[in-house]
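J.: Just dropping this structure here.
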Amino acid sequence: MGLIDGYLGSTVFSDDGRNRIITCVRKAAYTMSDPADLVNVAIEELSNANIELPAFSTLDRLVSHERQAVHNELYLKITTDLTSNHRQSLEALLQITEGDQLTGFAQMKQTPGPATLKHFRAWEDRLAQLKAVLDPKPFFKEVAYTKIRQFAAEAQAYEISDMRGIRNDAKRYTLLLSLLHITQSKTRDELIDMFLKRMKRVQHTAQEKLRDLQEKHREMEESLIGVLGQVLQHANGDDANAVLGKHVRETLNDQGGIEILNDQFTLVTAYHHNNYLPLLWSAHATNRAVIFRVLDLIQIKASTQDRNLLQALEFVCQHRNTRKDSLPPDINIGFISQRWETF
């Protein structure tokens, strides 16, 4: 064995190998979560240093110890700035408040239902309740998102009795803060997803209504085409303009008169060219209030330097209860298509 070691230039596992494992695993544990990944980090470090691998139980014990030490450091770091009010708010998540059937902790673990208006309103209320607990983001400065996600997953796997049974206050608060952080983010994502589905449904409803109206008005279109046909028949003759005008007026009067025919023409042409935009409002009106409440809860930022859309949105939110026929000149609506501008 010694000859083999000498030929390969490897050394047996000793304090040097142990120290190398402690150093590299401690550094990696601030970002990595899976113990298997940390074991691989330790093996790679020993291999690069040409140090023989110890028994797996030795690796596993060293990795678990350093991983737990890093977690304890993170627990203290994350919870250092918690005030007594913050701690009370977090502890309240483990209790059932009057009028509720579930703890706040159990409610955070719930999953959304289909994108119905009822669920849309329920998840808007949920985001408002989550934001009312506290803002967890300031407590995770310089903490890798992978660790936040790991702590949240650990909390997600616990039952309420498990959370209450954690005697390490720093760990319990860290798990609750992490779950709150991830749940707030996921709730925002779910609301956006529900919003997109609701808007798609509104568009689909308007398009269906347009098809129904087009089918309903088909007979009216044929009647108007018939009136045009009669007028053309008179125009094909050799009658003088005065006589032709008389025949045209008689034809129009026989079909109900100019006013009625004009109303029919306006009704039929309003939805030509598959223009369903005038029908959107009736389908969208029920969503209006909850969408404004959602916009009040989330912060939308532009992905580019162009803020025209956001400025228009801010104006709409500020004047949601007013009725005006025009926009101020400083609101740039260049992002709107010609079809929308016409509508």
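J.: So how many residues does the stretch 299-334 have that are among the β-branched types (Val, Ile, Thr) and either open to solvent by less than 60 Å² (accessible area, probe 1.4 Å) or touching a helix residue (DSSP H, G or I) at 6+ places or on another chain (Cβ under 8 Å) (or both)?
T.: Initially, the stretch 299-334 is screened for residues among the β-branched types (Val, Ile, Thr), giving 300, 304, 316, 322, 331, 333.
Pick out the ones that are also either open to solvent by less than 60 Å² (accessible area, probe 1.4 Å) or touching a helix residue (DSSP H, G or I) at 6+ places or on another chain (Cβ under 8 Å) (or both) and you get 300, 331, 333.
Within the stretch 299-334, residues that are among the β-branched types (Val, Ile, Thr) and either open to solvent by less than 60 Å² (accessible area, probe 1.4 Å) or touching a helix residue (DSSP H, G or I) at 6+ places or on another chain (Cβ under 8 Å) (or both) number 3.
J.: Separate question: Any residue at all in the stretch 71-86 that's without any contact (Cβ under 8 Å) to a residue 12 or more places away in the chain, in a loop (DSSP other than H, G, I, E, B) and among the charged types (D, E, K, R)?
T.: So far as the stretch 71-86 goes, no, none of its residues is without any contact (Cβ under 8 Å) to a residue 12 or more places away in the chain, in a loop (DSSP other than H, G, I, E, B) and among the charged types (D, E, K, R).
J.: Further, regarding this structure: Checking Asn275 against (1) open to solvent by 40 Å² or more (accessible area, probe 1.4 Å); (2) modelled with pLDDT under 80, only one condition comes out false. Which one?
T.: (1)
J.: Ok, one more. Could you tell me whether the stretch 71-86 includes any residue that is open to solvent by 50 Å² or more (accessible area, probe 1.4 Å), more than 29 Å from the chain's Cα centre (by Cα) and β-branched (Val, Ile, Thr)?
T.: yes
J.: Given the condition within 16 Å of His65 (Cβ to Cβ), part of a loop (DSSP other than H, G, I, E, B) and open to solvent by 60 Å² or more (accessible area, probe 1.4 Å), answer yes or no: does some residue in the stretch 11-26 qualify?
T.: Checked the stretch 11-26: no residue is within 16 Å of His65 (Cβ to Cβ), part of a loop (DSSP other than H, G, I, E, B) and open to solvent by 60 Å² or more (accessible area, probe 1.4 Å).
J.: Given the criterion in contact with a His (Cβ under 9 Å, 6 or more places away or on another chain) and farther than 30 Å from Gly104 by Cβ, identify the matching residue among Ile43, Ile22.
T.: Details: Ile43 fails: in contact with a His (Cβ under 9 Å, 6 or more places away or on another chain).
The match here is Ile22.
J.: Check whether at least one residue in the stretch 242-257 is in contact (Cβ under 8 Å) with a residue 12 or more places away in the chain, under 53 Å from the mean Cα position of the chain (by Cα), more than 30 Å from Leu127 (Cβ to Cβ) and not in a helix (DSSP H, G or I), and report yes or no. Before you say what the answer is, go through the steps one by one.
T.: Filtering the stretch 242-257 down to residues in contact (Cβ under 8 Å) with a residue 12 or more places away in the chain leaves 247-248, 251-252, 255.
Adding the requirement that they be under 53 Å from the mean Cα position of the chain (by Cα) leaves none.
No; the residues of the stretch 242-257 include none that is in contact (Cβ under 8 Å) with a residue 12 or more places away in the chain, under 53 Å from the mean Cα position of the chain (by Cα), more than 30 Å from Leu127 (Cβ to Cβ) and not in a helix (DSSP H, G or I).
J.: Can you tell me which residue is nearest to Ser161 (Cα to Cα) among those in the stretch 175-210 that are of a type in the set (D, E, K, R) and surrounded by fewer than 13 Cβ atoms within 10 Å (Cβ to Cβ)?
T.: Initial filter on the stretch 175-210 (of a type in the set (D, E, K, R)): 186, 188-190, 193, 197-198, 200-201, 208-209.
Retained after the next criterion (residues that are surrounded by fewer than 13 Cβ atoms within 10 Å (Cβ to Cβ)): 189, 200.
On the way: Asp189: 29, Lys200: 42 Å.
Selected residue: Asp189.
J.: So, one more: Go through Leu280, Leu310 for me and flag whichever is in contact (Cβ under 8 Å) with a residue 60 or more places away in the chain and in a helix (DSSP H, G or I). Show your work before the answer.
T.: Working: Leu310 fails: in contact (Cβ under 8 Å) with a residue 60 or more places away in the chain.
Checking each option against the conditions leaves just Leu280.
The values are calculated or read from the model by the stated rules, or taken from the named source; none is laboratory data. Just so it is clear, the model here is predicted, and its values are computed rather than measured. When we count neighbours, we look across all protein chains shown, and the Cβ atoms used for this are built from the backbone with ideal geometry, even at glycine. Each accessible area value is taken on the protein alone, full model and side chains, heavy atoms only, with ligands, DNA and RNA left out. Shrake-Rupley method; radii C 1.70, N 1.55, O 1.52, S 1.80 Å.
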